[in-house]
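Q: Input: one structure, supplied below.
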Amino acid sequence: MSAVDRQLGGGPPREWTRLGLVPGQALRMFGMRRSGNHAIANWLQRNAPSGHSVFLNNCKPNTDPFKSFRSIEVDGTLASHRKARKNLASVSGRAEQGALLLISYEDVTPAMFAPLRAVSGPFDETLLTGDVLIYRSFLNWAASLLKKMQGNESYSLLRRNAILLQAIDYYGVLLRQVEEADELGFTCICYDDWVRSEKYRAMILGQLELPVRDNSLGPVQRYGGGSSFQKQANSADELETSRRWQKMAEDPEFAAVLNLAAHDPKLTGRLERLFPRDAALLARIAGVNAAPEGGSS
């Protein structure tokens, strides 16, 4: 059911007045960095029912998303952050009534705040038409995040790995919510499957009650510096996203992090259910099992 269909008499809610339009769909999206968040956000916008969209990127959790977004896109094009922070409706209102509203969060999940605090602060969550969880196979995700941080000269080795280990802990919480998604009413998107299968992408659009307008992978998104491994790639079809961990296999930092992760039973248990090949490789690192053929899922 769209936000428009749910609209009661007496004028739009205060949130939609501030936005400058009543959206047709209002989706909230969660995912760890380097999980394909922006590629999927762009895809969702390209399949907006009316062809129009507003994307509030990387909002600060536990605050008003209409005030804390790091950037904004209108109809898939980057808009003025400064103008939008001063008067959101003057920028987002250009998308017209019935546009898709997409609010994104990075490195957090609803589980980190409920039941005492709300992820979106004062925003009325009953206005949302759905929550989306994005997740990626562990080995490829961890390799991509470490590779990205290794390119930042301001990070020492210890700081890099402290950030990565905390991110792995949060990643485990995200996987827990993926396993609870049916009960929580969340729609989950596995980035690995999203990249591989056009049918999978169409199925997800159906679950979100979005039309199939453009089901391609789209252009490479430049948020966060683009791909950690293939800086010159322009098309997502050029990216070898399923082989990231192999490219880092000889890296001593990566090996050290995997050795720690292999001894976390909560993480490995979730990987056994969601990414069994990753779990088997970690088990081998911990000296428990033999490695699977074919590598990561």
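The values are calculated or read from the model by the stated rules, or taken from the named source; none is laboratory data. Treat the numbers as computed from the prediction; the structure is a model and nothing was measured. Counting neighbours? That spans all protein chains shown, and the Cβs are built from the backbone with ideal geometry, glycine included. Note: accessible area is taken over every heavy atom of the protein model, side chains too, but ligands, DNA and RNA are not part of it. Shrake-Rupley method; radii C 1.70, N 1.55, O 1.52, S 1.80 Å.
Q: For a quick check, take a GNM of the chain with Cα springs below 10 Å and name the residue from Gly31, Gly151, Gly121 with the largest mean-square fluctuation.
A: Gly151
Q: Also, quick follow-up: For helix 138-150, what angle does its Cα long axis make with the longest principal axis of the chain, in degrees from 0 to 90 and rounded to 10?
A: With rounding to tens, the tilt is 90 degrees.
Q: Nearest 10 degrees, 0 to 90: what angle lies between the long axis of helix 265-274 and the longest principal axis of the chain (Cα atoms)?
A: Relative to the chain, helix 265-274 is tipped by roughly 70 degrees.
Q: If the viscosity is 1.567 mPa s and the temperature 4 °C, what Stokes-Einstein diffusion coefficient in µm²/s follows for the chain when Rh is the Kirkwood radius over Cα pairs?
A: D, rounded to a whole number, is 65 µm²/s.
Q: Compute the signed sum of charges (Lys and Arg +1, Asp and Glu -1) over the other residues within less than 12 Å, Cβ to Cβ, of Leu210.
A: +1
Q: Return the calculated 222 nm mean residue ellipticity for the chain, to the nearest 500 deg cm²/dmol, obtained by summing -39500 (n - 2.57) across DSSP H runs with n ≥ 4 and dividing by the residue count. Mind dumping the intermediate values first?
A: Details: 14 runs with 121 residues, N = 297.
Calculated at 222 nm, the ellipticity per residue is -11500 deg cm²/dmol.
Q: Okay, moving on. With θ set to phi - 60°, apply the Karplus curve 6.51 cos²θ - 1.76 cosθ + 1.60 along segment 44-55 and write out the HN-Hα couplings as whole Hz, x wherever there is a Gly or Pro.
A: Couplings: 4, 5, 5, 10, 4, x, 8, x, 10, 7, 10, 10 Hz.
Q: Here's something else I'd like to know. Which one, Ile40, Ile285, Ile72, has the greatest fluctuation when you compute a Gaussian network model over the chain with C-alpha springs under 10 angstrom?
A: Comparing Ile40, Ile285, Ile72 in a Gaussian network model of the chain, the most mobile one is Ile285.
Q: When all protein chains stay in place, what accessible area (Å², nearest 10, 1.4 Å probe) is found for His52?
A: 50 Å²
Q: Still on this structure, please answer the following. Are there chymotrypsin sites (Phe, Trp or Tyr not before Pro) in segment 105-194 that DSSP puts in a loop and that have at most 16 other Cβ atoms within 10 Å, and which ones?
A: On the way: sites: Tyr105, Phe113, Phe123, Tyr135, Phe138, Trp141, Tyr155, Tyr170, Tyr171, Phe186, Tyr191, Trp194; in loops: Phe113, Phe123, Tyr155, Phe186.
When the chymotrypsin sites (Phe, Trp or Tyr not before Pro) of segment 105-194 are filtered for loop state and at most 16 Cβ neighbours within 10 Å, Phe113, Tyr155 remain.
Q: To continue, here is another question. What figure, in Å² to the nearest 10, do you get for the accessible area of Asp169 with a 1.4 Å probe and non-protein molecules left out?
A: Accessible surface of Asp169 is approximately 90 Å².
Q: Could you list the GluC sites (Glu not before Pro) in segment 107-180 that lie in coil according to DSSP, counting only those with at most 16 other Cβ atoms within 10 Å of their Cβ?
A: The qualifying sites are Glu153, Glu180.
Q: Now a separate question. Can you tell me what share of the DSSP beta bridges in the chain is antiparallel? A percent to the nearest 5 is fine.
A: 25 percent
Q: To test your reading of the geometry: what angle, between 0 and 90 degrees and rounded to tens, separates the Cα axis of helix 198-207 from the longest principal axis of the chain?
A: The answer is roughly 50 degrees.
Q: Mind pulling up the Rg/Rh value for segment 44-142? Radius of gyration and Kirkwood radius, both on Cα.
A: Ratio value, two decimals: 0.98.
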